[in-house]
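Single-structure report; data block below.
The values are calculated or read from the model by the stated rules, or taken from the named source; none is laboratory data. Remember, it's a predicted structure, so these values are computed and weren't measured experimentally. Cβ placement follows ideal geometry from the backbone for every residue including glycine, while neighbour counts extend to all protein chains displayed.
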């Protein structure tokens, strides 16, 4: 029995698929003898119609982004290496306490509680664990005139990119957007985050954001999706860089997206760090989270090197 082939619609194609199909279509047309009497009369017109449809602005959901999408948008990839001499420093940052924060011992207890009573076989379950770490970091960073806020399921409007292969646009939802801004705007932001962040000119003072994507397993496979979300956010906000994280709650990968003036981009990512069976990796993850939020739009790392 022949295998069942899943048929796809044009709307299901990723940017990478579309670029490849356009190339093959052009190659096929260039090899045709348009004066051949055996050619169906409507073939050339049909091929041109298909070409025009493919060349139209391609609307792609973040969930359908794959590594080929990054290549088609000329977004290259590179590594981040933790500086070994700074590991203790970043762990101390993760363990630091401030008045009124969620204590590290309580954080450990809550993580153990989640591990013992929450099914993390779905992304919804994983997010409960992610919430524990984010709340710990938020509580440590909030004293003073600035505050850190967590916005789950933040929608990004359609963002169009112009490339040599044509126009393409992306739309989707960021699992978590973590913002840092003057404390007096907290109520305004949390009351209507979509409107507030669509009009950043009404917020006086520094405002930064991080992209967080949740993935139950194979965390690194989520990186292309997160990178495109970061690129879209940069274009919408007029930023040159934004840091982000992809995580299952247990595994954490830190990255930074940089947009260049020639319309290319670069995403650099760390190795995968785990909390560990006995939470031996917790301090490191918390420290890197805090540094990422503190330097959300800075592509120069304190604790990582690129070589």
Residue list for the stretch 153-190, restricted to those being more than 26 Å from residue 247 (Cα to Cα) and surrounded by fewer than 17 Cβ atoms within 10 Å (Cβ to Cβ): 160, 162, 163, 164, 167, 182, 183, 184, 187, 188
Residues located in the stretch 103-135, provided they are touching a helix residue (DSSP H, G or I) at 6+ places or on another chain (Cβ under 6 Å) and over 17 Å from residue 274 (Cβ atoms): 104, 110, 118, 119, 128
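Collect the residues in the stretch 224-242 that are without any contact (Cβ under 8 Å) to a residue 60 or more places away in the chain and surrounded by fewer than 24 Cβ atoms within 10 Å (Cβ to Cβ), keeping them in residue-number order.
Of all residues in the stretch 224-242, those without any contact (Cβ under 8 Å) to a residue 60 or more places away in the chain come to 226, 230, 234, 237-242.
Answer for the stretch 224-242, where residues must be without any contact (Cβ under 8 Å) to a residue 60 or more places away in the chain and surrounded by fewer than 24 Cβ atoms within 10 Å (Cβ to Cβ): 234, 237, 238, 239, 240, 241.
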Flag if residue 264 is more than 28 Å from residue 171 (Cα to Cα), surrounded by fewer than 16 Cβ atoms within 10 Å (Cβ to Cβ) and touching a strand residue (DSSP E or B) at 6+ places or on another chain (Cβ under 9 Å): no
Which numbered condition residue 283 fails, given (1) surrounded by 21 or more Cβ atoms within 10 Å (Cβ to Cβ); (2) closer than 30 Å to residue 145 by Cβ: (1)
Odd one out for residue 119 among (1) within 26 Å of residue 189 (Cβ to Cβ); (2) surrounded by fewer than 17 Cβ atoms within 10 Å (Cβ to Cβ): (1)
All strands (runs of 3 or more DSSP E) inside the stretch 239-305 with 3 or more residues being within 17 Å of residue 179 (Cα to Cα) and touching a helix residue (DSSP H, G or I) at 6+ places or on another chain (Cβ under 7 Å): 241-247, 251-259
Residue check for residue 80: assigned by TED's automatic domain parsing to the domain that holds residue 249, in contact (Cβ under 8 Å) with a residue 60 or more places away in the chain and farther than 23 Å from residue 214 by Cβ: no
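State whether one or more residues within the stretch 134-152 are assigned to a strand (DSSP E or B) and either at positive phi or surrounded by fewer than 15 Cβ atoms within 10 Å (Cβ to Cβ) (or both).
Within the stretch 134-152, the first condition is being assigned to a strand (DSSP E or B), and the residues that meet it are 146-152.
Cutting the leftovers down to either at positive phi or surrounded by fewer than 15 Cβ atoms within 10 Å (Cβ to Cβ) (or both) gives us none.
No - not one qualifying residue is present in the stretch 134-152.
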